1. Tell me, which residue of region 91-119 that is within 17 Å of THR49 (Cβ to Cβ) and touching a Gly at 6+ places or on another chain (Cβ under 6 Å) is surrounded by the most Cβ atoms within 10 Å (Cβ to Cβ)?
2. Within region 233-247, does at least one residue satisfy the condition of being modelled with pLDDT of 90 or more and open to solvent by 100 Å² or more (accessible area, probe 1.4 Å)?
3. If I ask for residues that are farther than 30 Å from ARG26 by Cβ and in contact with a strand residue (DSSP E or B) (Cβ under 8 Å, 6 or more places away or on another chain), which ones from region 74-104 would you list?
4. Among all residue pairs at least 6 apart or on different chains, which show Cβ distances below 6 Å where the first residue, located in region 315-339, is within 26 Å of PRO50 (Cα to Cα) and open to solvent by less than 80 Å² (accessible area, probe 1.4 Å) and the second is small (Gly, Ala, Ser) and modelled with pLDDT of 80 or more?
5. Which of the following residues is within 36 Å of the chain's Cα centre (by Cα), more than 27 Å from ILE11 (Cα to Cα) and at pLDDT 85 or above: ARG132, ARG142?
6. Whether any residue in region 16-32 is farther than 15 Å from VAL111 by Cβ, part of a helix (DSSP H, G or I) and either in contact with a helix residue (DSSP H, G or I) (Cβ under 8 Å, 6 or more places away or on another chain) or of a type outside the set (A, V, I, L, M, F, W, C) (or both) is what I want to check.
7. In this structure, is ASN30 open to solvent by 40 Å² or more (accessible area, probe 1.4 Å) and either at pLDDT 90 or above or over 23 Å from GLY189 (Cα atoms) (or both)?
8. Being loosely packed, with under 11 Cβ neighbours inside 10 Å, touching a residue at least 60 places away in the same chain (Cβ under 8 Å) and out of contact with any Leu (no Cβ under 9 Å at 6 or more places or on another chain) is the requirement here; does LYS134 meet it?
Amino acid sequence: MRNAEIVLGVIHERGTKGLPLEGLYRQLYNPSLYLLAYGRIYRNAGAMTPGATKETVDGMSLAKIGRIIDALRHERYRWAPARRVYIEKKGSKKMRPLGIPSWSDKLLQEVIRLLLEAYYNPQFNPASHGFRPKLGCHTALREVYHKWVGTKWFIEGDIAQCFDSLDHEVLLSILREKIHDNRFLRLIGGLLEYYRLASNLYQLNRLRWLMERSLTHTLAQKLCISVRGVYRRYRQVVDTGAGRTPVLQVTVERKEEQRPLVARWGGISLAWNIKAVINDAPLRICGPRTEIERRLLANQCELCGSTENIQVHHVRALKDLQIKGRAEKPFWVQVMAARKRKTLVTCKKCHDDIHAGRPTKPVTANGMTLESRVLRKA
């Protein structure tokens, strides 16, 4: 695989010269870019926060990167729905909605951001300091101090509801001017649809009608009844975020201690959601491979030495390792505490043992416990 820094360097060079980009989608097949992205975002507090699914950075592996790449290669990758939470605005008691994507989506979004930033950053105005590599408040203040001689007034401006107000078709049209790759643009367009910020979602009504027609005709044929009979048997009205909505629903009752199985068609609004918010604050890219990338690429369990099904165990903070009432710290806790790291590269068996609370204290071929070797090195 081509080194990520070389790939981004070539794209940066084309951006500097203003040359168009072709075949950008194929760069999403490069595992090196995902390792770079992983090294940039795994420390984020939100990395351990689940989205609509239970997936987080915990359990990250090269195999997961491979599955994402395989789905992209066959154009089967689909953005997962975001989990909506509300947080307080800074300096205000008002609440603003925040969309939390799944970990796989976060990883792919960071790869896309790396590619776009490498190309467009050299084309930005030099007076723009926000969310750019090696630029920020300090560089902006330095420029003001040295160049804005004699300035008496400063006018602060802000775009209210920025992601709600900007026309995303205009943004995509700007990308089309230089990025000549429809597959890449479709993937980004799908990301915008996934956040439901597009104003033409109503156009999916035709697709929904076709899918519902296919469903009802198939059920009618299998059950030897009419299509009208399918609607009479399965039509229900349920409460959704958009009010009471007619759907097709089948409910299978189970034992008292088990929840019923429910299969539902419909109930998803295709209305324009102007209040949707994207949390895509970009991160800087610089420097060589991070320690976590090197440890994952070593492809060896740091507990038992296995090289099969390697994953990364994550904790939110080192203080989480201090569990009250536990007489003796497990081996894996001692290793993480001694290294002062919130990550531990393990095989799947050791990772499962950690989450199940089973002991992990293997012995090496020379009879010395890995515990003594690791702690002595630490």
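1. Out of the qualifying residues, it is PRO101.
2. Among the residues of region 233-247, at least one is modelled with pLDDT of 90 or more and open to solvent by 100 Å² or more (accessible area, probe 1.4 Å), which makes the answer yes.
3. ARG83, ARG84, VAL85, TYR86, ILE87, GLU88, LYS89, LYS94, MET95, ARG96, PRO97, LEU98
4. Qualifying pairs under 6 Å: LEU321/ALA337.
5. ARG142
6. yes
7. Working: open to solvent by 40 Å² or more (accessible area, probe 1.4 Å): no; either at pLDDT 90 or above or over 23 Å from GLY189 (Cα atoms) (or both): yes.
Here the answer is no, as ASN30 does not meet what is asked.
8. Working: loosely packed, with under 11 Cβ neighbours inside 10 Å: yes; touching a residue at least 60 places away in the same chain (Cβ under 8 Å): yes; out of contact with any Leu (no Cβ under 9 Å at 6 or more places or on another chain): yes.
Judged against the criteria, LYS134 is a match.
The values are calculated or read from the model by the stated rules, or taken from the named source; none is laboratory data. Worth saying up front: this structure is predicted, and the values here are computed from it rather than measured. Using ideal geometry, Cβ is built from the backbone for each residue, glycine included, and neighbour counts are taken over all protein chains shown. Only protein heavy atoms, including side chains, enter the accessible area calculation; ligands, DNA and RNA are left aside. Shrake-Rupley method; radii C 1.70, N 1.55, O 1.52, S 1.80 Å.
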